[in-house]
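Enquirer: Can you read through this structure? Questions will come right after.
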Amino acid sequence: MRKPVKFRLLFLVAALVIYVVGAHLLPEHISAESWSMSLLVEHAEWQRLLAVTGLFFGVMPLLYWYCVIRMGQQAWWKLLLIFSLSSLIARYTYPEDIAQYFEFITWLRYPIIAVLLALELYLMVTICRSLWAARNLTGDPRLHMLAQYQVEHSDIAQGADAKVDGVDAKVDATSESHSTEQKASAKAAKQLELALTFAHEPASWYYAIPRLTRNHTPALANIVLRSATRSHFFMVLAALLLGAVGSYVLLADWSVTAATLVATFIAYGSVMFVANYRVSRYYSLYLSGNSLVINNGWWGFCAIDRTVIARCERGSWSLEDDSEGLFIGRKPCNIKIQLTQPQHYFSGIATMKDAVSTIYLTVDDSQRVVAQLTEETVLNVA
């Protein structure tokens, strides 16, 4: 298991334990006396309250920063998510005398969201234009977004490098150009992440409706995935149906509107799971232009430039053989793809991305995959 994934799982387990244990440690009632240091000595409920507060708003953000942001190389602004989650849990688990103060914090998320939306508005408009311009293109919309923003990022980097290619370039100019390149690179990366997230919506309909994929590039081979089986598909659909009906029954007495919204949201998930099934079964591994596209179901994918494939070989590998490699498919894997430079693997509807240098796959026709990619590698080297 790769290190970023391992630390994300560690954080999820730690978060579950901290929130559950913290909720049980909190007192039901607390003394209404004015705050003083003597409260910590005389009242055990205040000691428990402060301890849980330290866990929610001290330990949890630190864990998130280390396990998700630092180890996973994610954006810093995502720390707001964990503070918002802790505030929401505190609002409904703290003693009523204290919980009422978190009402202001729960409302505070709205102006924060408004500011973030204002800052991202330009990017969203740009991305929506790109999606609209790509409406008549064939193939996975995510690949069109990936190709477009990677090209723009490459052009920005080349333009910045061109400014310092002259013999008489000064150090200050070089430093300024490097700073400009970094800012442009960060902006392009942000645009790419948002573009891929938005592109998942039209892409889900593209794969869920068979007629839309009638001209799709044929698969090079099929990755052996559990989500590609009909039994898994029908079990997921049955679970979605039960979840939609059950949520409506449970919430109808409280609010028919809320019950309808929740049930509709759960039922709408069937589009993504139909797409997940069809991608896993028919389009898990294929060649598109100059890219090798790998779909780990609907929830994870990467498009590898074939020029960075160093070698592709057959064999048998398990998780114990390479803790930092990306494993996709049933174990053991029978294909190993070694890259000359890391490529991004996007997961969680492109909300997470990890750099991978070695990819292991379990495919139903390993000989064909190796023959095709080895031929491409030889041509690229030549």
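The values are calculated or read from the model by the stated rules, or taken from the named source; none is laboratory data. Note that the structure is predicted; figures quoted are calculated from it, not measured. Note that each Cβ is placed from the backbone with ideal geometry, even for glycine, and that neighbours are counted across all protein chains shown. Areas reflect the complete protein model, heavy atoms only, side chains present, ligands, DNA and RNA absent. Shrake-Rupley method; radii C 1.70, N 1.55, O 1.52, S 1.80 Å.
Enquirer: Can you pull out every residue in region 350-382 that is in a helix (DSSP H, G or I) and at pLDDT below 85?
Expert: 374, 375, 376, 377, 378, 379, 380, 381
Enquirer: Restricting attention to region 63-95, report how many residues are in contact (Cβ under 8 Å) with a residue 60 or more places away in the chain, closer than 19 Å to residue 344 by Cα and open to solvent by 40 Å² or more (accessible area, probe 1.4 Å).
Expert: 2
Enquirer: If I go through region 330-344 residue by residue, how many of them are open to solvent by 40 Å² or more (accessible area, probe 1.4 Å) and either outside any strand (DSSP E or B) or touching a Phe, Trp or Tyr at 6+ places or on another chain (Cβ under 8 Å) (or both)?
Expert: Selection size over region 330-344: 3.
Residue by residue, here is whether (1) free of Cβ contacts under 8 Å to residues at least 12 places away in the same chain; (2) farther than 28 Å from residue 144 by Cβ; (3) of a type in the set (Val, Ile, Thr) holds:
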position: 288; (1), (2), (3): no, no, no
position: 297; (1), (2), (3): no, no, no
position: 303; (1), (2), (3): no, no, no
position: 326; (1), (2), (3): no, no, no
position: 337; (1), (2), (3): no, no, yes
position: 367; (1), (2), (3): no, yes, no
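Enquirer: In region 301-329, what count of residues is obtained for those that are modelled with pLDDT of 90 or more, touching a Phe, Trp or Tyr at 6+ places or on another chain (Cβ under 8 Å) and surrounded by fewer than 16 Cβ atoms within 10 Å (Cβ to Cβ)?
Expert: 0
Enquirer: Ok, one more. Counting just the residues of region 266-300 that are under 15 Å from residue 206 (Cβ atoms), in a strand (DSSP E or B) and out of contact with any Phe, Trp or Tyr (no Cβ under 6 Å at 6 or more places or on another chain), which one comes out least open to solvent (accessible area, probe 1.4 Å)?
Expert: 286
Enquirer: From the list 228, 258, exactly one residue is of a type in the set (A, V, I, L, M) and farther than 24 Å from residue 280 by Cα. Which is it?
Expert: Values: 228 fails: farther than 24 Å from residue 280 by Cα.
Every option except 258 fails the conditions.
Enquirer: Also: Can you name the number of the only condition in (1) buried (at least 17 other Cβ atoms within 10 Å of the Cβ); (2) out of contact with any Ser or Thr (no Cβ under 9 Å at 6 or more places or on another chain); (3) of a type outside the set (Val, Ile, Thr) that residue 206 fails?
Expert: Failing condition for residue 206: (2).
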